[in-house]
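Below: one structure, written as structure tokens.
The values are calculated or read from the model by the stated rules, or taken from the named source; none is laboratory data. Computed from a predicted model, the values in this text were never measured in an experiment. We place every Cβ from the backbone using ideal geometry, glycine too, and count neighbours over all the protein chains shown.
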Amino acid sequence: MDLLKRIFVKVGVLPFLLVALVILFSLAEHRFMSMSNLLNVGRQTTYLAIVTAGQMLTILCAGFDLSVGSSVALTSIVTSMVMVSVADPTTAMVLGILAGIGTATLVGLANGITIAVFRVSPFVVTLGMLSVAHGLALLISSGVPIFNMPEQLNTILGLGRVWGIPVPVLVALAIVALIWLLLSRTRVGRYFYALGGNREAARLSGIAVRKYTALAYVLCGTLTGITGVMLTARVASGEPNLGANLPLESIAAAVIGGVSLRGGEGSIIGAIFGAILIVTIRNGMDLMNISSYLQMVVMGCLLIFAVVMDQFRLSMKGR
Amino acid sequence: MSELLLKAENITKTFPGVKALDKVNFDLRAGEVHVLFGENGAGKSTLTKVLAGSYLPDEGAIYLRGQKMAFRNPYDARSRGVSAVYQEFSLVPKLTVVENLFLGRELTKRGFLDKEAMLKQARESLDDLGFDLDPMAKVGGLKRAERQMVEITKAFQGKMSVLILDEPTASLSDKEVIRLFELIVRLKGEGVGIIYISHRIDELKKVGDRISVLRDGRNVATLDMAEADEEKLISLMTGRDYEEIFPVIETTPGKVVLEVQNLATATGLHDISFQVRQGEILGIAGLVGAGKSRVGRALYGLEKITGGTVIMEGYAVEEPTPITSLKLGVMYFPADRHKEGLVLCRSVRENQTLAALPLFEKKGFIDLKREESTVRGIVKKMNVRPGRIHGAINNLSGGNQQKVMLSRGLTREVKLFIFDEASCGIDVGAKREVYLFLKEQAEKGAAVIFISSELTEVLHLSHNIVVMHAGTVAKSMPGLGATEEDVLSACFGYDYQNICNNGNGSRTGGSVAKSIEG
């Protein structure tokens, strides 16, 4: 019992949930433990994992980003429109990808500057941006999906494999490794933790607080853009309604993974396991034929539960 | 001997990690002023809060006029005649003076607030106390001293048998202090017992009848005021002699590190001039609100400078920010280490190197090995306990947290240290270590600005003293030979009393202070 408590205080509710759910799903549905399904879970996790990595950076700085979903949609539209308008497939892909990631990075920059320089609450800024980016995506695309993109996009980035591993999984692994390095081995990471943990103390220690706060949102934007491109490649079309679940799921994943909403605490590994948990729940519920409406209810409850547990953990830590 | 009013027996109160009160006995007679004396963190405030119903004691009993009491909350205590005026104000800034005075016990007429009656009563009580305040003014717009008056008025309302005053003169002007003392005399005549907390020994002698000294949550002695002299009180308070606590800091002043001329800030500081040399400690004293903290903050770039010149090693500093200040070799340690100093949820290691991280970099990455060995060395040198460098810093005691914060000064080259209340809220042992840190830095040739509300430490550690009053320098004097009276007079902004002439000059042998008009 004491050991369980220590694990809880140290890493949060995640290990308990994951174990419980895996047992539950494998008892309820024999297909759950099959190799093909587990691979499926792995591939589905990649998209959420990359966004969660970005989301986590903003949460570390005591903020969050509600606009990640709309930003994915906008990226998808921009990428596909650029690709459609260029004849040569390779050029089209390169330009499209750069334009998409660039757009999402700009969205992040706008968030970051407004939050860091004008000191507006992240809630208001990114909620506004959620509407702005989604609106733009609908406006540019007139609300209809964009087809006729270079085929290679789907065959390589969407379904391709290198050494037998799906390309999205490789991209996600590379990103997670980079973020891990950033957080644990560079001053940028240290500064994120410090300014999220105590902004004033960070400022007094000579940290350019505004610059680094903005940087967290910019990086989140870039990672969101990468996700947007990859999802677009996966569905082989530009979709103005892509990624609507991402804000909730990425915040839930990070928080369940032990990233504190108060800022300054959490690890990328925890956040990724949070993402795995969420995809697992979704997958298990799909297999059990639970309606997507009910799934929404479950996801919402899960987020609230995670935050309550986080609060509970804090009070246990204090003792 | 007069009637025993209040009696506290074996009071114990524990907070997470600290035994704030340990079997404290205390009593108060009708018509006396019983002084509580002790260092910050000795348990004075906790004891008064237990007596006034803010805290429930873990053990022990309180008797009011021989009857056992268990106050549920401050209102309960107040309704039985025990009122308190605390250092931290219990006023709501957005409400007016009247609304604050009647908060929680509003007068009503047919279910609605009776504003007229409350205004009338408020006027009467303010007049009665001689406070010149507009009862309709918003408390948030009042000066600190004025807020204190409201606080005192609040306590003086209604029937009272025990009054607790926690540092009541901390931000009052001389006239107001005299009026407060008159009030105290009047209340004594009416049989009210007063518990009085203050650090100012001369003030205690004037108002006190008996004095209890608290140390580390224990009542170490209760004496008649007549038996108590300064030296005795200090050694009771600290459990050591002066010499044991305060190291002797040698100085061979080098060239001028910082020169400040006619500094003014947007927050009301003006005409501040002083200089600090290498190897020299400049103490800045003053009452709460006099602006001593703001001087340090302005120099480091935390408050906007609106006038004057700041010259750091011959270089005119225009608009300092923490980043530029650190580059120039200035390091500032804030008074509130939780709010501004430390990132509590992070480790000792991360907190220690926070202000010097670029120095630990190799090819864009932090050289974790070098960082770790540096941190381990510093932890050992500063005697931080427990010495685990990866644990979150909020598990450390206040003194150890303070040491971690100060040790930031060892991770990079610092030419000027600014300490703001460096020994606040830590125990004597840790204080001693903080002073030794100061000594080492000064003797190595750093210039030090030492801002403190504790007069004894300013007097014992400083080579030069600047006394602040009302946002400006009231007096500058050499540290050697300066007496408490010299500094206090300047603190209050007037000649407090020429004690030095008729007293026998306490430990330093009379005043040789030279007054320089600021």
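Annotations for the structure displayed:
- Entirely in region B:171-270, the strands (runs of 3 or more DSSP E) that have 2 or more residues that are of a type outside the set (Phe, Trp, Tyr), more than 20 Å from the chain's Cα centre (by Cα) and in the same structural domain as B:Gly283 (by TED's automatic domain parsing): B:256-265
- Sole residue being in a loop (DSSP other than H, G, I, E, B) and either under 30 Å from the mean Cα position of the chain (by Cα) or more than 13 Å from every other protein chain (Cβ to nearest Cβ) (or both), chosen from B:Ile418, B:Ile389: B:Ile389
- Note on region B:26-117: enclosed strands (runs of 3 or more DSSP E) holding 2 or more residues that are loosely packed, with under 13 Cβ neighbours inside 10 Å and on the phi < 0 side of the Ramachandran plot are B:67-69.
- Residue under evaluation A:Met309, criteria (1) crowded, with 18+ Cβ neighbours inside 10 Å; (2) assigned to a loop (DSSP other than H, G, I, E, B), criterion not met: (2)
- Candidate set from region A:143-181 (those that are free of Cβ contacts under 8 Å to residues at least 12 places away in the same chain and part of a helix (DSSP H, G or I)); member that is farthest from the other protein chains (Cβ to nearest Cβ): A:Thr155
- The residues of region A:188-217 that are surrounded by 24 or more Cβ atoms within 10 Å (Cβ to Cβ) and under 17 Å from the mean Cα position of the chain (by Cα), listed by number, are A:Ala216, A:Tyr217.
- Residue list for region A:63-112, filter: over 24 Å from A:Gly143 (Cα atoms), among the β-branched types (Val, Ile, Thr) and crowded, with 17+ Cβ neighbours inside 10 Å: none
- For region B:449-484, taking the residues that are at positive phi and within 21 Å of the chain's Cα centre (by Cα), the one that is modelled with the lowest pLDDT is identified as B:Ala470.
- Summed over region B:28-44, residues that are in contact with a strand residue (DSSP E or B) (Cβ under 6 Å, 6 or more places away or on another chain), of a type in the set (Gly, Ala, Ser) and under 18 Å from B:Val162 (Cβ atoms) total 1.
- Residue match in region A:269-281 (condition: more than 15 Å from the chain's Cα centre (by Cα) and assigned to a helix (DSSP H, G or I)): yes
- When restricted to residues that are among the small types (Gly, Ala, Ser) and more than 9 Å from chain A (Cβ to nearest Cβ), region B:318-365 contains 3.
- Being outside any helix (DSSP H, G or I), out of contact with any strand residue (DSSP E or B) (no Cβ under 9 Å at 6 or more places or on another chain) and more than 8 Å from every other protein chain (Cβ to nearest Cβ) is a property that does not hold for B:Asn394.
- Exactly one residue among B:Asp58, B:Asp127 is among the acidic types (Asp, Glu) and more than 18 Å from B:Asn10 (Cβ to Cβ), and that residue is B:Asp127.
- Test for B:Gly341: is it touching a helix residue (DSSP H, G or I) at 6+ places or on another chain (Cβ under 9 Å) and in contact (Cβ under 8 Å) with a residue 60 or more places away in the chain: yes
- The lone criterion from (1) closer than 26 Å to A:His30 by Cα; (2) at pLDDT 90 or above left unmet by A:Met296 is number (2).
- Scan of region A:224-243 for residues that are among the aliphatic types (A, V, I, L, M) and out of contact with any Pro (no Cβ under 8 Å at 6 or more places or on another chain), ordered by number: A:Ile226, A:Val229, A:Leu231, A:Ala233, A:Val235, A:Ala236, A:Leu242
- Breaking point among (1) among the small types (Gly, Ala, Ser); (2) modelled with pLDDT under 90; (3) in contact with a strand residue (DSSP E or B) (Cβ under 6 Å, 6 or more places away or on another chain), for B:Gly510: (3)
Quick grid of which residues meet (1) out of contact with any helix residue (DSSP H, G or I) (no Cβ under 6 Å at 6 or more places or on another chain); (2) buried (at least 24 other Cβ atoms within 10 Å of the Cβ); (3) within 14 Å of chain B (Cβ to nearest Cβ); (4) touching a residue at least 12 places away in the same chain (Cβ under 8 Å):
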| site | (1), (2), (3), (4) |
| --- | --- |
| A:Ala253 | no, yes, no, yes |
| A:Gly257 | no, yes, no, yes |
| A:Ile269 | yes, no, no, yes |
| A:Ile276 | no, no, no, yes |
| A:Asn283 | no, no, no, yes |
| A:Val297 | yes, no, no, no |
| A:Leu303 | no, no, no, yes |
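- When each of B:Glu146, B:Glu106, B:Glu99 is tested for being farther than 30 Å from B:Gly289 by Cα and among the acidic types (Asp, Glu), the lone residue that passes is B:Glu106.
- Region B:425-448, subset of a type in the set (D, E, K, R) and assigned to a loop (DSSP other than H, G, I, E, B), residue modelled with the highest pLDDT: B:Lys444
- Some residue of region A:190-205 being within 14 Å of chain B (Cβ to nearest Cβ), part of a helix (DSSP H, G or I) and acidic (Asp, Glu): yes
- Hey, A:Val229 of a type in the set (A, V, I, L, M, F, W, C) and either under 23 Å from A:Leu106 (Cβ atoms) or not in a helix (DSSP H, G or I) (or both) or not: yes
- The set of residues in region B:397-413 that are within 12 Å of chain A (Cβ to nearest Cβ) and in a loop (DSSP other than H, G, I, E, B) comprises B:Thr411, B:Arg412.
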